[in-house]
Amino acid sequence: AKVHPSALDNQMMENLINQSSQKVLLRFLTAELDSVDTNLAKRMIDEFGSEFSYEMPISSIDNSKIRKIVDKILQFEFDPPSGAVLSPAGEYNLHLGVMKEMKPDLIATSTPDVTVVDGHPVIVEAAVSLGGRKAKEGITVHRFANRIPMLFQGGNDVSVKTANTRINWKSYRIDKNSHKIGVYISICSTKIPYGGPNKEYIGDENEDLQRAVKDAIMKCCLQLKSRLARQEAMKNQKERKKNLEKYIPSVSRALIGMLQS
């Protein structure tokens, strides 16, 4: 998979050069970098300086040249990464799956824009549910990587850490201890940043991924907050009506008494 140039650093560029099957600089840039066509690659090389050329062998690029290349590339503006090559679960399918399995009282879903993690496009889909026949009190996180369930090492996972420590649930009218909260995170990418040797969890080190997971959960929580507010308003309205109805007989008797006197 191609690397998005906005995420480049010196080490990543060195790795790309060492691993690439391309021999010359121009073809290397178009083959290894996302959103870089031939015209843009030529403009880049022109900006690198007189010591660089389109046909320059990449085997001749040392660390000092790598630093120059990366510094210049990061000054360019690029189209955002395309999610066309990704196959996410889909917001509708995620919603349907949770409703079918958990039968929650409330559910909200979200699919933020494609983001870049370590140079690769990532889509984070999320669902947050409240209540349900199989739910238990507190936060339960369900994790998926490229639509495959992840069942082990949950405590180290970016989705679990984000749901438990980075969301201010109270600000969304949700009590993380007493409410039955289901959090469903599906991360889709050409290169999942797994942690551990057995790919049992997704690492929590990358701030861009942390932010994408947090944003996805918060978008769901905002939807739930408005629905919970409407539920509370309707409940209060019913209670007021019920209280008023208590006084109707006595008020009616008082009015009748006044009219008869």
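Here, each number is a calculation from the coordinates, and none is a lab measurement. Values in this document were obtained by computation on a predicted structure and should not be read as measured data. With ideal geometry, Cβ positions are generated from the backbone for all residues, glycine too; neighbour counts draw on all protein chains shown.
Brief remarks on what is shown
- Legend: calculated FRET efficiency, Lys241 to Glu207, from the Cβ-Cβ distance at R0 = 45 Å, rounded to 0.05, equals 0.35.
- The stretch between Val85 and Arg43, if pulled fully straight at 0.36 nm per residue, gains 12.5 nm over its current Cα-Cα span.
- At an R0 of 45 angstrom, the distance between the Cβ atoms of Asn15 and Tyr92 translates into a FRET efficiency of 0.75.
- Calculated [θ] (222 nm, deg cm²/dmol) that DSSP helices of n ≥ 4 give over the chain, each run adding -39,500 (n - 2.57): -14500 deg cm²/dmol
- Rounded, prolate or oblate (a/c below 1.5 giving rounded, otherwise prolate when a/b exceeds b/c) for region 5-73 by Cα gyration tensor: rounded
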